[in-house]
1. How far is helix 199-212 tilted off the main Cα axis of the chain, in degrees rounded to 10, range 0 to 90?
2. Roughly what would the spin-label model give for Val336 and Leu147, points 7 Å off Cα along C-beta, in nm?
3. Got the relative contact order for the chain handy, in percent, Cα pairs under 8 Å and 6 or more residues apart?
4. Looking at the chain, what % of its DSSP beta bridges pair antiparallel, to the nearest 5?
5. Taking the chain as a Gaussian network, Cα atoms linked when under 10 Å apart, which of Ala115, Ala50, Ala79 shows the biggest mean-square fluctuation?
6. Relative to the longest principal axis of the chain, what angle (0 to 90°, nearest 10) does the C-alpha long axis of helix 40-53 take?
7. Could you point to the label whose value was computed as log10 I(q)/I(0) by the Debye sum over Cα atoms at q = 0.09 Å⁻¹ for the structure here, given [x] -0.61; [y] -0.52; [z] -0.44?
8. Any aspartates and glutamates with Cα under 15 Å of the Lys321 Cα? List them, leaving off those in the same chain fewer than 8 positions away.
Amino acid sequence: MSSDAAETPRPPTMADVAAHLGVSRQLVSIVLRDQPGASDETRRRVREAARELGFSPHGGARSLRRARSKDLGVIFAPAHSTEPEIVEAIYPAAAARGYDVVLSAETATRSTEQAVEELLGHRCAALIVIGSDLKHAGLKAVAERSLVPLVDVGYGRRNQFYDVVRSSGDKGIEELVEYLVELGHRQIAYVDPASMPPGSLRRRGYERAVKRLDLQSDIVSVPGDYTEASYFDEVGTAAGRTLLARRRLPTAVIAPNDDTAVGLLHTLIRIGVRVPEDVSVAGFDDAPIARLSSVDLTSVRQDPELMGVSAVEAAVRRIEKREERPRETVVETSLVVRSSTAAPSRRQRPSRR
């Protein structure tokens, strides 16, 4: 062994904490595992010594020693702006129920299946999948293979294989169309990110509303790879170019995702179209980007905190009561009106071709 290797410091252990205090390793273990058998003063001294020495319990080893896992595996796509907000809500909700959270990311180079395998290797008690591009058949296969409760946060429907937590996206879009009609809009276009998993549900809300309100349906569908970080911005840009190629712009445009709406908005503004004077633009999610003062986007809010809490509740319910059947939880949406929408102008500006 080289001298450099011999001098490499090792992380402190429970034995080091015990030696530092002159007590047994078993007593240190009792304190750090919050087990009965130690006085309050001993617990204070052990924890203080652990902090001084820089000792941290090995989470993986602790999980292996437990008779039952207390870890919730969470799969999400960091590139999607709303998913980190749901993850943020999952942490305190899980802690309140006595569970830890293990994250695994889905990216353009890493599939849902790979993320699932990683979390199953950690012996997670349940899996929460947020915004997966897997269809029902794929999620069913994950549920059957994993043999632990699975919760799909996104867009699914009630079924016998996994729990579903979703927002009322169709109703939210329908309410947005109604609001624009009340402002006086009759030419309302809808941008459809074709590969977005909850896209079909939200599009149905638009189609239902325009039919009921006797409007002309105007859907601009854009394909692409949902897992790409730039997908939604590119969809908004492409939709904007499509609309600008027309003889005349619609008076309002809805996007079922705020990043798409912002990409559209920037495309229009760059060539001199005024928002909302010439075209009103609205999105969905009420993501952080929609709340920026420089954007100020009208949007449909789906409550990320309630979705995160609902996902944890669904997972824990099925962990602790395995005979329970999967359920569907629908989180209601709300309309947030900002300055990107207004009544249509009497003199609408034509497109530039």
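1. Taking Cα atoms only, the helix is inclined about 30 degrees.
2. So the label points at Val336 and Leu147 sit 4.3 nm apart.
3. Values: 682 pairs, mean separation 59.2, N = 353.
Relative CO of the chain lands at 17 percent.
4. Values: 6 of 42 bridges.
Taking every DSSP beta bridge with both residues in the chain, the antiparallel ones total about 15 percent.
5. Of Ala115, Ala50, Ala79, the Gaussian network model singles out Ala50 as fluctuating most.
6. With both axes taken from Cα atoms, the answer is about 70 degrees.
7. [x]
8. Filter leaves Asp163, Glu313.
The values are calculated or read from the model by the stated rules, or taken from the named source; none is laboratory data. The model shown is predicted, which means the values in this text are computed figures rather than measured ones. Positions of Cβ are backbone-derived with ideal geometry, glycine not excepted, and every protein chain shown enters the neighbour counts. Ligands, DNA and RNA are stripped out before the accessible areas are found, and what is left, the full protein with its side chains, is counted by its heavy atoms. Shrake-Rupley method; radii C 1.70, N 1.55, O 1.52, S 1.80 Å.
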